[in-house]
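No value in this document is a laboratory result; all are computed from the given coordinates. What you see is a predicted model; the values in this text were computed from it and never measured. Methodologically, a virtual Cβ is constructed for each residue, glycine included, from the backbone with ideal geometry; neighbour enumeration extends over all protein chains shown.
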2 protein chains.
Amino acid sequence: MENLGENLARSDLSDHHDDHAFDAQARDAVYRAIFTRRDVRGQFLPDAIPDEQLARVLNAAHHAPSVGFMQPWDFVLVRAPETKARVHGLFEKAHAEAAEMFDDERREIYRKLKLEGIREAPVTLCVACDRDRAGPVVIGRTHQREMDLFSSVCAVQNLWLAARAEGLGVGWVSIVDAEALKECLGIPERLTLIAYLCIGRVSRFFDKPELESAGWRRRLPLTDLVHEEDWGGSCGEALGTALGDQQDRIAAGAFGG
Amino acid sequence: MENLGENLARSDLSDHHDDHAFDAQARDAVYRAIFTRRDVRGQFLPDAIPDEQLARVLNAAHHAPSVGFMQPWDFVLVRAPETKARVHGLFEKAHAEAAEMFDDERREIYRKLKLEGIREAPVTLCVACDRDRAGPVVIGRTHQREMDLFSSVCAVQNLWLAARAEGLGVGWVSIVDAEALKECLGIPERLTLIAYLCIGRVSRFFDKPELESAGWRRRLPLTDLVHEEDWGGSCGEALGTALGDQQDRIAAGAFGG
């Protein structure tokens, strides 16, 4: 996939003096981060993360888009084993409750899945959203009230991709009661929990998402999810072919780096 | 910042046979996408986007993390001028309502801001979330019900960064009534609107977010937003210095590419 569309893109650029596309190598590095990023649970190494490196991924988060330039995020870095053990206890409680929600067959699979690396990861990071940060009226939030939460999620995804480039794995733990977690970390009630992330160097990144490998769910064909012009319009043939060919190549590891 | 922490990282890696970090150039390409990404409103060029390129950014979105591997997103590509004009009408209505919410001084500034490029961008993309895609019980959504929406936001951020690497600008239009927009595009009521994005080549990417340049809000010092161990713990000195130094260098364009 490295050269896919390259000729097309090049001929297209010749008309313009000032092009802003990255060169092919730099562009592919961005795709490599995107396509090889994994939700890491069981592969964390105990190595400490150097401050400079941690600062880089936090700055990546801080440069996410935010509605009305609110920058509504707060970051609580947790490394103390006793605090992580308390958070792990909250996970265990929620996990047991969750298991009861699945039917018998799925429950057995669910229980066998490793779903977090809270105690093993050297650093964990709680991301919260301060919805009051810029007063009650915020540009871009007037009609979609959830935009500040969404901005904070963009910060998580920036951090996740930066971490991948740094060789750091990230796992998002969402099986936890949000209010209990906030209380555990002393986060004021008025803030909203966005994410609790486990971060650290890893023994390996898996080739595929673990739930895909476990047969829990399959990767959906992207052509089924793309509609042209309106909901009723299916994906056109040329675009559909490009989507499908690329998806096959990504699955085959074309961006393994 | 290109070499910031490089020595530290290198010496740290020597213990490990199998390191997963990108080399410095590839890593910096990821940071360049993150730090030079902008919310584009007024700089769209009318050039069509080649199918191969559009397919790449859509595949980037499709490879976002998703709770329980739900892949809950749907994408509606809108290029027809008449549809974009209808969406623009919805923006204008919401924008007029929003202006009334600001106090007098801010209202005048607000009205002068260019906040969307719906008609100018050659492609617009509506991202919606199908919360029913994987049945009622989803791994990781049992205790945080909004995780499927958050997964869809991660897809937006993946697309946004991929687009930056492709030299494509993206602008997120949130000043619009979500239900009216869904109706306009025929999206079923049961889906949730996540984003309406304008996408296209651009005459330029600004050095800073427009709201920062306009003096609407300033970039917050990241050290103020990082808490160590719990909410009451301020950022330690070594990490704080690294965060601040890097933030200064990013502001000075260290990753301008």
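Descriptive notes on the structure:
- Farthest toward the positive end of the dipole of chain B, out of B:H95, B:G236, B:Q144, is the Cα of B:H95, where the dipole comes from beta carbon charges about the Cα centre.
- For chain A: relative contact order, % (alpha-carbon pairs under 8 angstrom, 6 or more apart): 30
- Percent antiparallel among DSSP beta bridges (both partners in the stretch B:38-218, rounded to 5): 95
- Cα-based Rg / Dmax (Å) for the stretch B:97-176: 17.4, 49
- Modelled FRET efficiency - R0 51 Å, B:W231 with B:D207, Cβ distances, 0.05 increments: 0.90
- Links that overshoot a 30 Å alpha carbon limit, given the list A:K84/A:K208; A:K84/B:K208; A:K182/B:K208: A:K84/B:K208; A:K182/B:K208
- Ellipsoid semi-axes in whole angstrom, largest first, where each is sqrt(5λ) of the Cα gyration tensor of the protein assembly as shown: 32, 26, 25
- Shape of the stretch B:38-218, Cα gyration tensor, a/c cut at 1.5: prolate
- The helix-based estimate of mean residue ellipticity at 222 nm for chain B, built from -39,500 (n - 2.57) per DSSP H run of four or more residues and divided by its residue count, is -13000 deg cm²/dmol to the nearest 500.
- Residue separation of A:R86 and A:D104 scaled by 0.36 nm, minus their Cα-Cα distance, works out to 3.6 nm of gained length.
- Put a plus charge on the Cβ of each Lys and Arg, a minus charge on the Cβ of each Asp and Glu, and nothing anywhere else: the dipole of the stretch A:38-218 about its Cα centre is then about 360 debye.
- Peptide A:122-128, shielding by other chains (average Cβ, 10 Å cutoff): 1
- When +1 charges are put on Lys and Arg Cβ atoms and -1 charges on Asp and Glu Cβ atoms, the dipole computed for the protein assembly as shown relative to its Cα centre reaches about 120 debye.
- Ranked for footprinting exposure by Cβ neighbours inside 10 Å, fewest first, B:V137, B:V202 give B:V137, B:V202.
- In sequence order, the stretch A:123-134 has phi-based couplings of 10, 10, 9, 9, 9, 10, 10, 9, 6, 8, 4, 10 Hz under the Karplus curve 6.51 cos²θ - 1.76 cosθ + 1.60, θ = phi - 60°, and Gly or Pro positions carry x.
- Ascending distances from the B:E179 label point to its copies in the other chains, with the point 7 Å along the Cα-to-beta-carbon line: 2.8 nm.
- Once backbone amide H atoms are built at 1.01 Å from N, A:A195 has A:V127 as its partners under 5 Å, excluding neighbours fewer than 5 places away on the same chain.
- Cβ-Cβ FRET estimate between B:E179 and B:A238, R0 fixed at 51 Å, reported to 0.05: 0.55
- Working note: Karplus 6.51/-1.76/1.60 with θ = phi - 60° gives the stretch A:209-221 the couplings x, 4, 5, 6, 4, 6, x, 5, 8, 9, 5, 6, x Hz, where Gly and Pro are set to x.
- Separation of alpha-carbon centers, the stretch B:194-226 and the stretch B:105-184, rounded to whole Å: 16
- Translational diffusion coefficient (Stokes-Einstein; Kirkwood radius from C-alpha pairs) of the stretch A:206-257 at 37 °C, 0.692 mPa s, in µm²/s: 263
- Residues A:F44, B:F205, sorted so that the one with the fewest Cβ neighbours within 10 Å comes first: B:F205, A:F44
- Inter-copy separations for A:A238, label at 7 Å along Cα-Cβ, nm, ascending: 5.6
- Amide H contacts of B:H227 (H built 1.01 Å from N, in plane; Pro and chain starts excluded): A:F75, A:V76, A:L77 sit under 5 Å, all sequence-distant by 5 or more or on other chains.
- Burial ordering of B:L168, B:L243, fewest other beta-carbon atoms within 10 Å first: B:L243, B:L168
- Position B:G89: other-copy label points at 6.0 nm, ordered by increasing distance, label point 7 Å along Cα→C-beta.
- Between B:V137 and B:D23, the modelled labels are 5.0 nm apart [label points 7 Å from Cα along Cα→Cβ].
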